[in-house]
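Structure first, commentary second.
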Amino acid sequence: PVTDPEPSEGEIVFEKVTLNSELTAGTGYIIVCDEKNMALSASSSDVRSNVSVSISGNKITTDVNQSGKPYVLTLGGTAGAYTFYDATEKCYLALTTDGNKLQSSTDATKNNAKWSVNISGGTAMITSNAYSSRAIYYNNSSPRFACYNSSSSQTPVSLYKQTSTSGIQQPKVPTFGKVNVYSITGFKVRSNVNADIAIDGLPNGIYIVDGRKIVVR
């Protein structure tokens with residue numbers, strides 16, 4: 001286990017997803033338009049803003065979750081009903097209206113916060129379960145990420161999966177007392193357990209222990 005540093009303490013390496021089997025619940029992803037070197041960032045008037053990224057050999061190394069940087073989305077759910085949780089804004093990507101939008105929801109159980117994802121040739125078709133004719137694209141003429149009809153002329157996107165963090169600090173897992181362990185989406189995983197074994201045996205993913213973000217790999 002290692003502590004997931006704040007963005008100023010180390011950049012994160014993301015690698016392009018080329019197979020559906022590389023979709024792993026509990027792992028962080030960024031949504032990227034390869035063609036325009038743009039990544040999805042903060043919410044902005046019912047769409048998602050764009051920030052520039054540098055792509056090298058199907059990898060992106062960048063700070064995240066701050067102004068001018070990509071926002072990491074934690075994949076949840078299962079195939080055919082995935083969720084994308086934004087821990088920075090504490091919400092899920094959602095499409096709540098049948099329009100050229102990309103909104104947010106705090107309820108992961110709603111159909112408008114669920115997505116079907118299909119990876120083909122490195123392109124990620126992220127389709128709304130609530131409005132199945134719409135998927136996430138990048139709009140270059142009015143720079144933004146939003147949902148458009150599959151027949152639109154907007155630019156397709158790709159998913160990049162978090163693989164490692166540079167500049168990692170030593171673990172800051174508490175070593176005494178009783179703690180609760182939460183998933184990154186806020187669900188309690190373990191209650192009132194000894195701190196020194198709090199994350200033992202947990203599946204790979206991101207957890208919150210005693211207010212600290214811990215990455216289990």
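Structure notes:
- Tallying residues that are more than 15 Å from the chain's Cα centre (by Cα), open to solvent by less than 10 Å² (accessible area, probe 1.4 Å) and small (Gly, Ala, Ser) within segment 77-134 yields 2.
- Boolean, Gly26 is at positive phi, part of a strand (DSSP E or B) and within 13 Å of the chain's Cα centre (by Cα): no
- Scope segment 32-55; condition open to solvent by 20 Å² or more (accessible area, probe 1.4 Å), of a type in the set (Ser, Thr, Tyr) and at pLDDT 95 or above; matching residues: Ser43, Ser49, Ser52, Ser54
- Identity of the residue in segment 8-42, of a type in the set (S, T, N, Q) and touching a residue at least 24 places away in the same chain (Cβ under 8 Å), that ends up nearest to Asn58 (Cα to Cα): Thr18
- Selection within segment 181-203: residues that are small (Gly, Ala, Ser) and under 24 Å from the mean Cα position of the chain (by Cα). The member of this set that is modelled with the lowest pLDDT is Gly186.
- Residue within segment 83-96 that is touching a residue at least 40 places away in the same chain (Cβ under 8 Å) and farther than 23 Å from Tyr207 by Cβ present: yes
- Selection from segment 5-23 of residues that are assigned to a helix (DSSP H, G or I), farther than 15 Å from Gly68 by Cα and at pLDDT below 90: Glu9
- Scope segment 29-48; condition polar (S, T, N, Q) and more than 15 Å from the chain's Cα centre (by Cα); matching residues: Asn37, Ser44, Ser45
- If the condition is being among the charged types (D, E, K, R) and open to solvent by less than 80 Å² (accessible area, probe 1.4 Å), then segment 56-65 contributes only Asp63.
The values are calculated or read from the model by the stated rules, or taken from the named source; none is laboratory data. For clarity, every value in this text was computed on a predicted model and none was experimentally measured. Please note: Cβ atoms are built from the backbone with ideal geometry, for glycine as well, and neighbour counts cover all protein chains shown. The protein model used for the area step is the full one, side chains on, heavy atoms only, and it has no ligands, DNA or RNA in it. Shrake-Rupley method; radii C 1.70, N 1.55, O 1.52, S 1.80 Å.
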